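The values are calculated or read from the model by the stated rules, or taken from the named source; none is laboratory data. Worth saying up front: this structure is predicted, and the values here are computed from it rather than measured. Note that we place each Cβ from the backbone using ideal geometry, even for glycine, and neighbour counts take in every protein chain shown. Ligands, DNA and RNA are excluded from the accessible area calculation, which covers all protein heavy atoms including side chains. Shrake-Rupley method; radii C 1.70, N 1.55, O 1.52, S 1.80 Å.
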Amino acid sequence: MFTSLCKFFHLLQQRPGWLFSAACLATLLSLIPLQHFRVRAAGSDLLPSDWQSVQAWKSFGRKFGSAGHLAVVVHSPNPRRNLALVESLARRFQSRHDVNFLEYRTEADFYREHKLLYISLSDLREIENRVQTGFWINRTKNNPLIFDLLSEDEKDSAFGSTSFDDLEAKYFSRLKDLIGSPDSTVLVLRIYPAFDVTDIHACRDFLSEVQLAVANISQGSEGAEGNGIKDTTSLAGKDSLEVLYTGDVVHNIQNEGRLFSRVLATTRIALILSAVLLLINFVRFPVGALLSMVPVSMAILWTLALTRLWLGPLGLVTTPLGLLLVGLGLCGTVHLLARYAEERRKRLSAPVAFETITLETGPAIAAGLCTLAVAFLAFLATDFKALSDFGLMAGIGMVCTLFAVLAVFPSLLRLVEPWGWLNPAGVRLYNLRQEHVRPFRFARPFLGIALVLSALFMLRGPQWRFQYDFNSLGFGGDETRRADSLLQAAGENLGTPAVFLTPNDSTAQAVADELRLRAASDTGSAIGEVATLRDLLPADQEEKLRITSRLRSSITPKVLKKAREPLRSSLLELTRNWPTRPLTVRDLPRNYRLKFEGRSVTPGVFTYVFPRSDSSEGLNSLKFAGEVRSVTVNGRTYYAGGWPVLYGDLVGHMIPDVRRALVLGLLAIFLVLLLTVRSFTGALVLLLPVLATLIWMLGTLKWMHIKINPYNLVAFPVAMAYATIHALHLHHRYEEEGRGSLPLVLRRTGRTAVVTTLIGAAGFVPMIFSGHRGLASLGIAAVLGLGFSLVSSVLIVSGVLGVWEGKRLKKEREEGMR
């Protein structure tokens with residue numbers, strides 16, 4: 001099958017100019033969709049779009065305007081300066097089309113205005129009692145006999161109690177006019193964008209505009225720092241103003257945007273290291289080494305363009321795939337170059353050498369890439385969208401790499417060869433002579449080493465533990481830590497809630513009541529505070545209105561005129577805003593209504609559910625997501641959205657889906673190998689290095705105390721891919737050279753496999769030093785997997801083939817002696 005495919009490629013190579021021109025045209029066309037290249041950081045993109053939690057979260061984003069905010073934290077010892085900056089910044093952004101709404105003032109005035117409805121019913125009754133007691137004392141002042149019966153302490157305590165100082169302190173001491181610390185040395189401006197905050201490019205542009213505005217407003221501005229996260233503005237005089245940024249916008253830039261930039265940086269370093277290794281390996285054949293980068297670059301551009309058209313914006317999980325494509329593409333070109341140099345050093349002509357690399361080495365490359373394409377496409381059967389997208393993109397990448405390596409690259413070599421640039425230097429080589437055939441003496445030791453390594457790595461068992469705490473996988477130095485600590489100290493740190501979208505206030509309240517009932521019935525419940533729009537209205541309003549009505553009748557102008565201080569001031573303050581009717585939702589401040597009703601005119605009200613514990617820790621998120629995922633009210637089921645629920649779904653389905661993907665991938669690899677070698681035993685032998693590589697990787701990760709996480713999961717299909725490629729090349733070259741050729745195969749194809757492994761590892765080594773813990777674990781796991789793929793392929797394939805060969809030679813000698 002793969003020989004026929006290579007014959008087709010060989011036929012295409014007869015017109016190298018046309019073929020290479022078509023490849024260049026395809027590359028230019030692929031740049032068109034890549035002009036709008038975007039990376040998304042949405043957690044919902046990691047899960048299937050038809051899941052209820054994903055749909056609920058997207059509904060929230062559409063109605064609310066955005067599923068995140070930008071917090072500008074202003075810190076200095078000068079409260080007036082802080083307020084001036086915040087107010088100026090708010091004026092600049094409050095009328096922008098890309099801003100949903102913003103806030104820096106609290107609703108303290110609203111609560112002061114309606115204080116008699118918001119204090120508790122018991123405290124309002126206490127006020128009524130104190131007023132009545134105070135009136136009685138005032139009325140008895142005209143009767144000296146009764147008044148003199150009171151002691152001085154009783155007189156002072158009676159009048160003191162009617163001043164309501166303790167009740168005022170109880171409620172009004174917590175009210176702040178501005179969002180921030182009570183002394184306003186820390187002020188916060190929260191901006192809720194109208195754009196999708198998972199768009200990294202939009203977040204960067206918006207943050208840059210805010211930073212520029214801060215720099216223009218502040219005197220003596222030094223501008224934003226190079227990392228784009230922190231502004232430090234020095235003012236005249238002794239006051240030093242510090243402007244910090246945090247919130248979802250900045251977190252996405254830091255974690256996802258910075259991560260993507262770091263992946264791109266490591267990719268550039270990987271390409272440089274790969275080029276250096278190629279030149280070192282082909283020091284006598286430098287032009288061929290440099291030309292090998294051309295088809296690999298084409299394959300990557302084709303893959304990105306097709307994936308962009310098929311999937312839309314790329315996700316962060318699929319970005320490391322470029323390194324895999326670079327490695328496998330160079331793996332194919334290195335094998336072709338090595339075989340071409342070998343055939344030319346046998347003093348064969350260029351046409352014969354081109355025919356040999358396509359029809360002899362080509363089938364192994366075609367079999368390997370097609371096997372991997374089927375294996376990766378098997379990932380589409382999983383529900384974990386990030387993994388299925390990775391499988392689709394990898395499958396497309398394998399097909400593009402196959403065409404680029406076996407069709408475009410030989411055509412490019414054919415075009416360059418007449419110029420005399422493809423004449424590898426070196427001593428003359430000869431084919432293996434049959435009289436030199438003898439058993440491979442290292443066969444059994446190789447198998448013994450493989451068994452000892454398997455036992456050693458399995459000594460403590462494989463690493464099955466998963467890293468649920470995603471916070472431990474980020475960058476070591478978090479630029480928002482300072483801003484978050486100031487918010488925490490000021491009591492303004494916002495948690496991340498789950499969100500329900502219901503048609504009206506009454507349904508939202510019913511959902512909240514059901515959730516509160518669940519929390520009350522389980523002492524270990526993960527449900528914390530539940531908030532609805534109606535929860536912002538005062539409780540027991542009718543009874544409070546009756547009490548205030550009696551108070552209003554009791555506190556007449558005549559009584560106020562006779563009252564002495566401090567009673568007079570307390571009573572005057574009490575009578576400033578008499579409530580005349582119950583408050584409704586329409587009476588609440590606009591920002592409150594926006595938070596619960598959104599900016600969209602479509603009907604619907606939000607219910608927010610906050611987790612009791614940190615929902616970014618996976619085990620907490622699993623429990624919280626399980627408790628709040630759905631609520632049934634009046635025969636209709638409502639589903640929760642929000643990052644805590646998405647996070648719980650992601651963690652809950654990631655491990656089962658990854659296991660299923662690996663099983664499907666292994667099954668696909670085995671079936672394609674079976675079609676390739678047409679022998680069950682032969683396919684099983686070629687699959688053994690893949691299984692050994694996975695076992696050795698899991699055992700080593702256990703020894704190194706590295707848990708499985710969403711980043712290093714990519715290393716497992718990478719290692720499987722290289723183990724498959726190495727095994728196929730060794731087996732195919734052995735079948736081509738015949739019995740007794742194992743030393744030659746290991747010396748030539750094995751050497752090339754070492755070079756391709758080093759080139760593949762060069763793509764992941766920079767990740768180890770990236771500063772991102774998740775990327776570092778990916779780099780370590782990938783380098784281990786690549787090394788194990790080479791060792792397992794050499795030990796197992798050559799060992800098994802050597803044992804079989806020895807048995808056949810022994811049997812032939814015995815038959816000859818008869």
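Return a yes/no flag: does the stretch 713-721 have any residue that is crowded, with 24+ Cβ neighbours inside 10 Å, touching a strand residue (DSSP E or B) at 6+ places or on another chain (Cβ under 8 Å) and in a helix (DSSP H, G or I). No - not one qualifying residue is present in the stretch 713-721. Only one entry in Val352, Val408 is open to solvent by 30 Å² or more (accessible area, probe 1.4 Å), at pLDDT 85 or above, hydrophobic (A, V, I, L, M, F, W, C) and over 27 Å from the mean Cα position of the chain (by Cα), namely Val352. Just for the stretch 84-118: of the residues that are over 36 Å from the mean Cα position of the chain (by Cα), under 19 Å from Ser181 (Cα atoms) and not charged (D, E, K, R), which one is surrounded by the most Cβ atoms within 10 Å (Cβ to Cβ)? That would be Tyr111. Taking the stretch 16-27 as the range and being touching a residue at least 12 places away in the same chain (Cβ under 8 Å) and either open to solvent by 50 Å² or more (accessible area, probe 1.4 Å) or among the charged types (D, E, K, R) (or both) as the test, no residue passes. Considering only residues of the stretch 627-644 that are modelled with pLDDT of 85 or more and in a helix (DSSP H, G or I), which is surrounded by the most Cβ atoms within 10 Å (Cβ to Cβ)? Selected residue: Val628.
Does Ala776 count as at pLDDT 85 or above, part of a helix (DSSP H, G or I) and surrounded by fewer than 23 Cβ atoms within 10 Å (Cβ to Cβ)?
yes
Could you grab me the full set of residues in the stretch 514-568 that are farther than 21 Å from Val499 by Cβ, open to solvent by less than 20 Å² (accessible area, probe 1.4 Å) and not in a helix (DSSP H, G or I)? Listed by number, the residues that qualify are Pro538, Ile555, Ala563. Checked against (1) surrounded by 22 or more Cβ atoms within 10 Å (Cβ to Cβ); (2) touching a helix residue (DSSP H, G or I) at 6+ places or on another chain (Cβ under 6 Å); (3) at pLDDT 75 or above, Leu306 passes all but a single condition, namely (1).
Just the residues that are among the polar types (S, T, N, Q) and in contact with a Ser or Thr (Cβ under 8 Å, 6 or more places away or on another chain), please, taken from the stretch 1-26. Correct list: Gln13 only. Right, Val585: within 30 Å of Gly61 (Cα to Cα), among the β-branched types (Val, Ile, Thr) and surrounded by 15 or more Cβ atoms within 10 Å (Cβ to Cβ) or not? The answer is yes for Val585. Scanning the stretch 727-773 for residues that are closer than 29 Å to Leu674 by Cα, outside any helix (DSSP H, G or I) and among the hydroxyl-bearing types (Ser, Thr, Tyr) returns a single hit, Ser741. If you filter the stretch 671-694 down to residues that are open to solvent by 30 Å² or more (accessible area, probe 1.4 Å) and at pLDDT 85 or above, you find that the one that is farthest from Ser621 (Cα to Cα) is Ser679.
Which residue pairs have Cβ atoms closer than 6 Å, lie 6 or more positions apart in sequence or on different chains, and pair a first residue in the stretch 572-599 that is under 19 Å from Ala194 (Cβ atoms) with a second residue that is in a helix (DSSP H, G or I) and open to solvent by less than 50 Å² (accessible area, probe 1.4 Å)? Between residues of the stretch 572-599 that are under 19 Å from Ala194 (Cβ atoms) and residues that are in a helix (DSSP H, G or I) and open to solvent by less than 50 Å² (accessible area, probe 1.4 Å), the close pairs are Tyr592/Leu536; Gly598/Lys63; Gly598/Phe64. Residue check: Val783 meets all listed conditions (1) surrounded by fewer than 24 Cβ atoms within 10 Å (Cβ to Cβ); (2) among the β-branched types (Val, Ile, Thr); (3) farther than 25 Å from Ser472 by Cα but one, namely (3).
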